[in-house]
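Each value in this text was obtained by applying a stated rule to the coordinates, not by laboratory testing. Here the structure is a predicted model, which means the values were calculated and not measured.
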Amino acid sequence: MSITIALGPHENLRIDALTAAECLQWVLEFIRWDLDTVPPGELEAIGDDLRHATVPSEMREKPCRDMPAAQVHALQQEIRQGIQAAFAESVSMADLTKMYFGQKTPAGWTIPLSAVHVFRVGYDCPGGYFRILCVGDHTEERENILIGVVNLLSKFGDRLRTCQVCGTPFLRQYRQEYCTVRCSNKVRNRRRLDRQADQRKTRRLVTTGK
C-alpha cells in the first residue's frame, strides 16, 4: 500500500522540517558548494531550499517562482562574502557605541538597501556573537533571504566558529574545532608526521650522539 501526498507549488517539507540550527547548518554548507558542477534543474531546487531555509513562510512570495540559476549563484557569493566580512574582526564596545550613534562607519557585512549591518561584538566570551543594529521591512526576495541568514547568525552566534585550517565558518557541535572531517584529518596527519619527525630526530641523536 502506498500513500501519495499532494504538495502545492514550491512546498518543501524536507527543509521546512529542519530546526533553525539545522537551517543555519544548511546555509553554511550551501556557501561551500561548487555550483558550477550542478545541473540547472538542481540549481532551481537548491534555490527553493535556500528560500525555505531562510525566509519565514508568511514572508515568501505567493506564489513562489523558480529561482533562476544566476540568482542562486549570486546569492551564494553574496552570503559567502557577507559571512566572511562579519567574521573578519571583532568590534569593541567603544566602536559599537560610536557606530550606533553614527560616529563611526559600521563594520562587517552591510546589506545594501536594507540599512542592516552585521558584525561580531568583542565581548570577552568564547566565539563572540552577532548583533543586528537595524531591521526594516523587506519586500524583495533577495533581501528577505539575506535578512533570514542574518537572523540565523544572530540566533546561534555563540556556536559559530571559524575553522583553523581553511577559515570556513561552521556551527560548532559539542567540542568541534574544525568544519569538516577532512580538515580535522589534515591536522591529525600533520601532527602524526611531526611526531614521526621528532622520533627520527631523537633516534638519530641517540645513535650518533649528534
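Structure notes:
- Cross-link reach is defined here as a Cα-Cα straight distance under 23 Å, omitting same-chain residues fewer than 8 places apart; for Lys201 the lysines meeting it are Lys186, Lys210.
- A straight Cα-to-Cα reach below 14 Å connects Lys104 with the aspartates and glutamates Asp95, residues fewer than 8 places away in its own chain not being considered.
- Aspartates and glutamates whose Cα lies under 20 Å from that of Lys98, excluding same-chain neighbours fewer than 8 positions away: Glu89, Asp124
- 10 Å binning of all Cα-Cα separations within the range 3-82, expressed as whole percents from 0 upward: 17, 51, 29, 3, 0
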